[in-house]
Amino acid sequence: MPNLHDVLSTNPYPGRGVLCARTYSGAVLGGYFLTGRSPASRDRALRLVGDDLLVGPLTETEHDPLRHYAAATTAGDWLVLGNGEQVSQVAQRLTAGTAPAEALGGLEYEPDPPIRTSRITALLHRDAGRTAVFGAARPSRGSRLTTNVMTLTVQALEPGEAVLLTTYLSDGEQVAVADPFVETSIEAKTGEDLLEEIWAALDPRFRIAVTVVDPMQGPASAIQRSA
């Protein structure tokens, strides 16, 4: 199983990513990271507002739903992490009693041709994260414009294991849709270790922010690093 550092360091511009990881202390944690190339993409930060961890602009600008959204929130028994406005939509569905896999259904990839960025979401159960459900609304790699929706349920990660979703596979110039998911290994013993492990693996040219969240405590527990 590839190491998380190797997976990220060999993909200089992964776009945005979500992961579920179990550290060697036994804690199951959620992670979210943000990278960007353009000035508009880099003009962003993570802020805790109420019960949500928001991605918003550093400078005053108009709201852009593709760049400004809730990246982490809670909905009943679930911590919801993701790369766009679907986070709030999925949280609303979960609160209404929709099953996790169904709550991740019917989503569309982002309307940003020609890239057609995937919407990636991770649901971590707040029973110490023993169950995680991932969803990706992805474009076809062919010419078809309809959305492929993938869900993956992961149970009982072993210490040192993680599951990662990213939006892109890119050298920083050419951008392609990333693989649906990657099972990977980590070295972290604590949440702080995991935060540093992700941060160190991201290319300094593109990294913007990383956060690690305890699903039992929600976004208020988030620890962060930013450029």
Packing rank of 68-79, 114-125, where each peptide gets the mean count of other beta carbons within 10 Å, highest leading: 114-125, 68-79
Kirkwood Rh in Å, taken over region 73-176 so that all alpha-carbon pairs contribute: 14.5
Which ³J(HN,Hα) values, rounded to whole Hz and listed in residue order, are derived for region 154-168 from phi using the Karplus coefficients 6.51, -1.76 and 1.60 in 6.51 cos²θ - 1.76 cosθ + 1.60 with θ = phi - 60°, glycine and proline given as x? 10, 10, 6, 4, 7, x, x, 9, 8, 10, 10, 10, 10, 7, 10
If you take the C-alpha gyration tensor of region 92-138, multiply each eigenvalue by 5 and take the square root, what semi-axes do you get, largest first, in whole Å? 24, 13, 7
Summing +1 for each Lys or Arg and -1 for each Asp or Glu, what net charge is found among the other residues whose Cβ lies under 12 Å from the Cβ of residue 24? -3
By average Cβ neighbour count within 10 Å, what is the ranking of 26-37, 53-64 from highest down? 26-37, 53-64
Please list, in order along region 32-43, the HN-Hα scalar couplings obtained from phi with the Karplus expression 6.51 cos²θ - 1.76 cosθ + 1.60 (θ = phi - 60°), rounded to whole Hz, x for Gly and Pro. 9, 9, 9, 10, x, 10, 7, x, 5, 5, 7, 7
Can you give me the C-alpha center-to-center distance between region 42-104 and region 148-191, rounded to a whole angstrom? 19
Apportionment of accessible area to carbon and sulfur, the chain, percent (1.4 Å): 50
At 1.4 Å probe size, with every protein chain present, just tell me what the per residue accessible area of the chain comes to in Å². 43
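The values are calculated or read from the model by the stated rules, or taken from the named source; none is laboratory data. This one's a predicted model, so the numbers in the text were calculated from it and none came from an experiment. Backbone-built Cβ (ideal geometry, glycine too); neighbour counts: all protein chains shown. For the accessible areas, the whole protein counts, side chains as well, though only heavy atoms, and no ligand, DNA or RNA atoms are used. Shrake-Rupley method; radii C 1.70, N 1.55, O 1.52, S 1.80 Å.
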